[in-house]
1. If the requirement is being among the small types (G, A, S) and over 13 Å from L285 (Cα atoms), which of these qualifies: A61, A86?
2. Can you name every one of the helices (runs of 4 or more DSSP H) wholly within the range 211-300 that holds 3 or more residues which are within 20 Å of the chain's Cα centre (by Cα) and more than 30 Å from N81 (Cα to Cα)?
3. Filter the range 171-196 for residues that are surrounded by fewer than 16 Cβ atoms within 10 Å (Cβ to Cβ) and among the small types (G, A, S); which is farthest from C123 (Cα to Cα)?
4. Please specify each residue of the range 125-166 satisfying the condition of being within 14 Å of the chain's Cα centre (by Cα), crowded, with 19+ Cβ neighbours inside 10 Å and part of a loop (DSSP other than H, G, I, E, B).
5. Here is a check on your reading of the model: is A62 within 20 Å of the chain's Cα centre (by Cα) and of a type in the set (A, V, I, L, M, F, W, C)?
6. From the list I60, I72, I89, I30, exactly one residue is of a type in the set (V, I, T), assigned to a helix (DSSP H, G or I) and farther than 20 Å from M113 by Cβ. Which is it?
7. Which members of the range 226-260 meet the condition of being small (G, A, S) and farther than 17 Å from G216 by Cβ?
Amino acid sequence: AVSKNMHLGHLTSFLMSKWLQEAFGVNLYIEIPDEEKFLARRDITIEEIDRQAEDVILNIAALGFDPEKTFIFKDREYVKNVYTLACKIAKKVNFSNVKAVFGFNEQTNIGLMFYPAMQMVPCFFEEKRCLIPAGIDQDPYWRIQRDIAESMGGFKTAAIHSQFLPPLSGVEGKMSASRPENAIYLNDDAKTVRSKIMKYAFSGGQPTIEEHRKKGGNPAVDVSYQWLKIFFEPNDARLKQIHDNYRSGKMLTGELKQILSDKLNLFLENHRAEKEKAVKKVEKLKYSGKLAKKMWETTF
């Protein structure tokens, strides 16, 4: 979805998609639901949405998808090619279904009621089985798609659901763009990242150094360790060493946070460099790459 500030949690599904594309050489469709954010929030303008969408696309392009096998599209721009298909989907879905699944009520605007049909559109782009890496909160859309797929002559979609990257405040819950103290944004500078980690990252350590040396820390509830495990330490042997040292008390909380800060800042520095280069890649991903060009020539 369009976001004012993309954070680390937004990247999980994109990185999984990139791995799948590289492993299997498959086409990848990335839908930017610019209308959904506009419809869902009363305090935002179309102009703001457009600015945010372009920044989101740059962040996505920076991840290095194959420009010949990737198509990134904004719903409001591409809708003329898919509106008929969206209408066919919408006709199959009763209001009672979306009300029960999404919690729509009398205050929900009619645009949001139609939007699920738009999100299901890419599932029918190819006459093949579709696989969608996504956060678990997106599952309701695919449940509805599976209910109607065969009646439309298509396949039921499959999904790989990722766990949420936990917020800085603790290992439970979801990182949110609306809570800056709980998230690391892709545009946070090194000083901000270090400050957030040191100040807000929930620790599994003990109250004092002496007690920590004696009792050790708890990696299972320590956000810094969990982020290393999920995202930033690919070496299993090194991760085990960090785990054991922290668990035994040999490694202090501050040292663990320092390791995460260093790895995180290196990742973000590289991402920002790739984002600057991505300006030249966006044209192919949206319009002129092999897959993108084919999609603009196709009406569904």
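What follows draws every value from the coordinates through simple rules; no lab data is involved. Please read all numbers here as calculations on a predicted model, not as lab measurements. We place every Cβ from the backbone using ideal geometry, glycine too, and count neighbours over all the protein chains shown.
1. Working: A61 fails: over 13 Å from L285 (Cα atoms).
On inspection, the qualifying residue turns out to be A86.
2. On the way: elements: 223-227, 236-248, 253-278, 290-296.
Helices (runs of 4 or more DSSP H) meeting the threshold: 223-227, 253-278.
3. S195
4. Of everything in the range 125-166, those that are within 14 Å of the chain's Cα centre (by Cα), crowded, with 19+ Cβ neighbours inside 10 Å and part of a loop (DSSP other than H, G, I, E, B) turn out to be L165, P166.
5. Working: within 20 Å of the chain's Cα centre (by Cα): yes; of a type in the set (A, V, I, L, M, F, W, C): yes.
So A62 fits the description; yes.
6. Working: I72 fails: assigned to a helix (DSSP H, G or I); I89 fails: farther than 20 Å from M113 by Cβ; I30 fails: assigned to a helix (DSSP H, G or I).
That would be I60, the only listed residue that is of a type in the set (V, I, T), assigned to a helix (DSSP H, G or I) and farther than 20 Å from M113 by Cβ.
7. If the condition is that a residue be small (G, A, S) and farther than 17 Å from G216 by Cβ, then A237 is the only one that fits.
One line per residue, one yes/no per condition, for (1) charged (D, E, K, R); (2) closer than 30 Å to S96 by Cα:
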residue: L131; (1), (2): no, yes
residue: D139; (1), (2): yes, yes
residue: R146; (1), (2): yes, yes
residue: A159; (1), (2): no, yes
residue: A177; (1), (2): no, no
residue: D189; (1), (2): yes, no
residue: R213; (1), (2): yes, no
residue: Q226; (1), (2): no, no
